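Quick notes on the structure that follows.
Values in this text are rule-based calculations from the coordinates and carry no lab data. Here the structure is a predicted model, which means the values were calculated and not measured. Note: ideal-geometry Cβ built from the backbone for every residue, glycine included; neighbour counts use all protein chains shown.
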Amino acid sequence: MKYRIKKMINLFLSNKKINIALFAAFFTSCIENAPLDSLSPEGPYARTIDALFWRTFWIAVVIFVIVQGALLLAVIIYREKPDTPEPKQIHGNVKLELLWTIIPVLILASIAVPTVRTIFELAKEPEDAMKIEVVGHQWWFEYKYPDHGITTANILVIPEKTPIRLEMWSNDVMHNFWVPKLNGKRYLVPGQLTYLNLLADNPDEFWAQCGEYCGLSHSKMRARVISLSKDEFNEWVENEKRSAEKPEEGTLAAKGEQVYLNAGCTQCHIINGVWDVQGDRVAPNLTHVGSRHVLGGASFNNNPDDLAQWLANPAAVKPGTFMPNLELTEEEILALIEYLGSLK
Amino acid sequence: MNETKSQKELLTIFKRPSSTTGIWSWITTVDHKKIGIMYGYAAFFFLLIGGLEALILRIQLSQPDNNFLSAAEYNAMFTMHGTTMVFLVIMPLSAAFFNYLLPLQIGARDVAFPRLNALSYWLWIFGGIFLYSTFIFGTAGAPQGGYLAEEIGWLGNAPNGGWFGYQPNAAFKYSPGTAMDYWALGLQILGISSLVSAFNFITTILNMRAKGMRFMRMPVFTWMTFAVAFLLAFSLPIIAIALFFVTFDRQFGTTFFLTEGGGDPVLWQHLFWLFGHPEVYILILPAFGIVSEILPTFSRKPLFGYAAIVFAGFGIAFIGFGVWAHHMFASAISPVAQAGFGLSTMVIAVPTGVKIFNWLGTIWGGKLSLKTPMLFSLGFIAMFVIGGLSGVTHSVVPADTQQTDTYYIVAHFHYVLFGGAMFGIFAGLYYWFPKVWGRMYNETLGQLHFWLMLIGFNLTFGPMHWLGLQGQIRRTWVYAEETNLGFWNLIVTIGAFIIAVSILIFMANWIFSKRKGPTAPMDPWDARTIEWTMPSPTPVWNFSTPPEIESLDDFWHRKYDEGSDGRAIRKDTADQLIVQLEEDGLNPKEHIELPNPSYFPFILASGLPFLGYAIIYKSIGLAGLGLVLLLIGGFGWALEPIEEELLEDKKDE
């Protein structure tokens, strides 16, 4: 019996296909391609945190091995055997007890010092930081660039190697802005400001997510951070400042513009140059929506199929959403998609 | 004389109940043992419900972008899972142990206020029923102005703001409907229940100890009960007031936590966690106590550093009030507060470490009998250490800003509250099974339960550490396929079902052994504390003669001497002693007066749910009904004569 099991295990382990599949499953699932991985820092803030985590982690591993080892050892050595005599009645040992009070204190002190130092380091406002305001809404993030006069949503575009100071608040409930590869989390609170620093090493795209439970579509309150080279960033800024252009008469896009103007979209969405309103609207500014590759709180990709589903019934994509079902016809939806796609 | 008698008869609506069997004996009982058993069964029932909710959650998360549940249903399920497991499972399971064991361990006939004890139980059960009635009557919906594609079914019409009910998401504007009112008022009732029992236990421990039972001779479980009672007494008023604020905000238009009216939602977080963190120790200290009883018994050695373990328990309880903001490191608090609360959180690891090392010191050099209670206790240490170490990584504030609100935290507190508290509770359930039922459980099934649960537990909560560090947030209804979290989520779901199977084995063992298990001797474990000096099952009157205590681990020292080499030597008289104790225990020498049963705790408690409904539905009628029940209960209680008095009056005639 034993032999047969062994044989089966050997067969299983020697089967290359199974091995590769197992390895692939293991490695793809734990090392690569987790876009929200907090252990793959891509900037100095996240790297500082990462270093501190691993330092604590390895201390914890040592303690883990010692304590679990002692536990296992005790069970193995002192397990009752037929001839075990009654044990010595030891009531305690003050020296030992002092020892295992003081040693943890010292270990913790060695963790505490860098912890406190890092807390203040991370909170400090960096010099020459670029300020961006982040506003939380149920269930999407809005970004305002006060130095550039830009308002956008979902995708936060930043220049690489430049310290960014986010000034954040919430428009409704508590949210939490989290870009794991760039820094830890910070709440967005209604009625007061919170701050978070970001700094990306290289041009890249990072996933972000609302960390604090904020109601029905909390899990779909996602975001992206895109870092660009400084030139590209300036180009992006110039483009963002541009108002939308009127589509050519008679095209599908022109029809789409009419849908936007007449179906009710203007109640909540601004398109600069087409429907300018002073002040804030409750929904994202769509002036450059065509240039954003994720929509709806970064919960779906900007492609005609997904966008059509969203426009046909927003609440089916994001439960609880404030975007109503406008009962658009299929034709209207196609026109609208064409128009929104043209808003680069 | 005659006048007072007729007064008494006039004011006593009912004769005092006298059933000793059947349902009325349970409803009117004031016997701490019966109340303990009722707590146990009802809490276990809620464990099954909370477990079912967990399985439903896990099915939804078993693969990315799943649509087994709607968002509304998922949010209701995780809110009710958390609320249930904290308030309706672990707290009352601990209460089951407090009730059953506390008087036995200190040599008392009952708790100080038996009727108040019954009131605690009935308040709790009515609070639980009230909370769960939300599935029938409650409503939930999208935030005001938001849209839903489909109607919310009954599964989703439950509280959905999380067990932590963060404001303003749990306020009426963002959580309309009545479900969150059920949550706030349900917790309010449950809180009153715990508050009542806290004072009862404190009084009992201070006043009802047997002769010679000095403080430093009390069993550690009694000590931990004492600590928990103080934690309850100081932390529950905080949440009671905060919950009233929530109810006022939702029902009467106040703005305690709403910025629109100058309120502060962060204040709710402070108040909630100022209660919520001591609550964590309310959940874990009883398990510390249970394990501190079991380890010495099954190692045949005294507890290593008894005093240190006791003081460490109180140290944890005390410092537990100064660490609350570590739940808010990513919230709106200053770096100074972050540093302060980070440090205090590290400090609390020290007394916790002392306990762990002293437990290791207890088993080291012992003669370990690896029966089920011992296995669960050893499992408790192993799992709790993991939870404690991940806890230290949270105290490192910058690291915590990555971990907070992710599955890393979910893993951490399940290692503490399931691997810790629940393993401790299971250890206790097996350990005292013979004392409660007079029969032995099945050892094979018990060990099978342990191993399956240990494997299932680690399969469920181990990978969650990894998932959290890989970016899976908590309370997430779906996760995108691109996040690459699917594989380990599937493993976690499989683990959860293994736990479910182990629970079924436990139930089978319990039901079978309670009926058909071999008869248990009085002292099956060769135990140390005085609850084992009574026959099994414990007689109604507990001790037939009040015990006198001469030392810590009194029973052990009556059975064993210490030889010159320090080893235990069984006294020649030990067997004789046990026979004698059993005989005496079954045949009390004189009539023992026990507290009389009463209808009134049940009646009084039954009024509160109606008051709750009255607030939700703004109904004068329901408020009147609730008040009438409260008044009948209260006055009836106050004016209820003790049965003997009536009997004596009758004799006088």
Inset, instruction - In whole angstrom, note down how far apart the Cα centers of segment A:122-184 and segment B:97-139 are. - result: 50
Inset, instruction - Obtain the radius of gyration and the Kirkwood radius of chain A from its C-alpha atoms and give Rg over Rh. - result: 1.15
Legend entry - Most mobile listed residue (A:GLY184, A:GLY273, A:GLY69) in chain A, GNM with C-alpha springs under 10 Å: A:GLY69
Inset, instruction - Could I have the simple spin-label model distance between B:VAL336 and A:ARG242, label points 7 Å from Cα toward Cβ, reported in nm to one decimal? - result: 5.0
Inset, instruction - Report the equivalent ellipsoid semi-axes for chain B in whole Å, largest first, defined as the square roots of five times the eigenvalues of the gyration tensor built from alpha carbon atoms. - result: 40, 34, 22
Inset, instruction - State the answer as a single residue: which of B:GLN105, B:LEU69, B:GLY50 lies farthest towards the positive end of the charge dipole of segment B:28-117, with beta carbon charges of +1 for Lys and Arg and -1 for Asp and Glu, about the Cα centre. - result: B:GLN105
Inset, instruction - Output ³J(HN,Hα) for segment A:234-250: one whole-Hz value per residue in order, computed from phi by the Karplus curve 6.51 cos²θ - 1.76 cosθ + 1.60 with θ = phi - 60°, and x for Gly and Pro. - result: 4, 4, 4, 4, 4, 5, 5, 6, 5, 7, 6, 8, 6, x, 5, 3, x
Legend entry - Beta bridges by DSSP in the protein assembly as shown, antiparallel share as percent, to the nearest 5: 70
Legend entry - Loop-located GluC sites (Glu not before Pro) in segment A:294-331, at most 12 other Cβ atoms within 10 Å (DSSP): A:GLU327
Inset, instruction - Quick one: net charge around B:ASP405, please, counting Lys, Arg +1 and Asp, Glu -1 for every other residue with C-beta under 12 Å from its C-beta. - result: +2
Legend entry - Whether the protein assembly as shown is rounded, prolate or oblate, judged on the alpha carbon gyration tensor where a/c under 1.5 counts as rounded: prolate
Legend entry - Cβ-based charge dipole, the protein assembly as shown, positive-most Cα from B:TRP510, A:GLN89, B:PHE543: A:GLN89
Legend entry - Spacing of the two label points (7 Å from each Cα toward its C-beta) at B:TRP26 and A:VAL62, in nm: 5.5
Inset, instruction - Could you give the size of the charge dipole of the protein assembly as shown about its Cα centre, using +1 on the Cβ of each K and R and -1 on the Cβ of each D and E, expressed in debye and rounded to the nearest 20? - result: 3100
Legend entry - Computed FRET value (nearest 0.05) for B:SER619 with B:LEU639, which takes r as the C-beta separation and R₀ as 22 Å: 0.15
Inset, instruction - Compute the label zone of B:PHE318 within segment B:356-379: residues whose backbone N is under 16 Å from the point 7 Å along Cα-to-Cβ. - result: none
Legend entry - 10 Å-binned pair-distance histogram of segment B:305-345 (Cα, whole percent): 29, 39, 22, 10, 0
Inset, instruction - Read phi for every residue in segment B:118-130 and hand back ³J(HN,Hα) as whole Hz from Karplus 6.51 cos²θ - 1.76 cosθ + 1.60, θ = phi - 60°, with x for Gly and Pro. - result: 4, 4, 3, 4, 5, 4, 5, 5, 5, x, x, 5, 4
Inset, instruction - Quote the charge dipole size of chain A about the Cα centre in Debye, to the nearest 20; the model charges only the Cβ of Lys and Arg (+1) and of Asp and Glu (-1). - result: 2300
Legend entry - segment A:297-344: C-alpha gyration tensor shape, a/c 1.5 cut-off, then a/b vs b/c: oblate
Inset, instruction - Please give the average number of partner chain Cβ atoms lying within 10 Å of the Cβ of each residue in B:479-489, rounded to a whole number. - result: 5
Inset, instruction - Rounded to the nearest 10 degrees, what's the angle between the helix A:44-78 long axis and the longest principal axis of chain A, both from Cα atoms, 0 to 90? - result: 30
Inset, instruction - If a/c stays under 1.5 just call it rounded; otherwise compare a/b with b/c (prolate if a/b is bigger, oblate if not). Do that for segment A:44-123, with a ≥ b ≥ c from the square roots of the Cα gyration tensor eigenvalues. - result: oblate
Inset, instruction - Step through the residues of segment B:381-390 one at a time and calculate ³J(HN,Hα) from phi using the Karplus curve (6.51 cos²θ - 1.76 cosθ + 1.60, θ = phi - 60°), rounding each to whole Hz and writing x for Gly and Pro. - result: 4, 4, 6, 5, 4, 4, x, x, 5, 5
Inset, instruction - Tell me the Kirkwood hydrodynamic radius of segment A:252-342 in angstroms, computed as one over the mean inverse distance between distinct C-alpha pairs. - result: 13.2
Inset, instruction - Using just the helices of chain A, give the 222 nm mean residue ellipticity in deg cm²/dmol: DSSP H runs with n ≥ 4 each add -39,500 (n - 2.57), and the total is spread over all residues, rounded to 500. - result: -13500 deg cm²/dmol
Legend entry - Segment A:ALA263-A:THR162, extension gain: residue separation times 0.36 nm, minus the distance between their alpha carbons: 32.2 nm
Legend entry - Amide H contacts under 5 Å for A:VAL294, placed H, 5+ residues apart: A:ASN302
Legend entry - GluC sites (Glu not before Pro) restricted to segment A:55-158 and DSSP loop, no more than 12 other C-beta within 10 Å: A:GLU127
Inset, instruction - Extending each Cα 7 Å along its Cβ direction at B:LYS211 and A:GLU205, get the distance between those two points in nm, one decimal. - result: 8.3
Inset, instruction - First measure r as the distance between the Cβ atoms of A:SER291 and B:THR254, then evaluate 1/(1 + (r/R0)^6) with R0 = 41 Å and state the FRET efficiency to the nearest 0.05. - result: 0.35
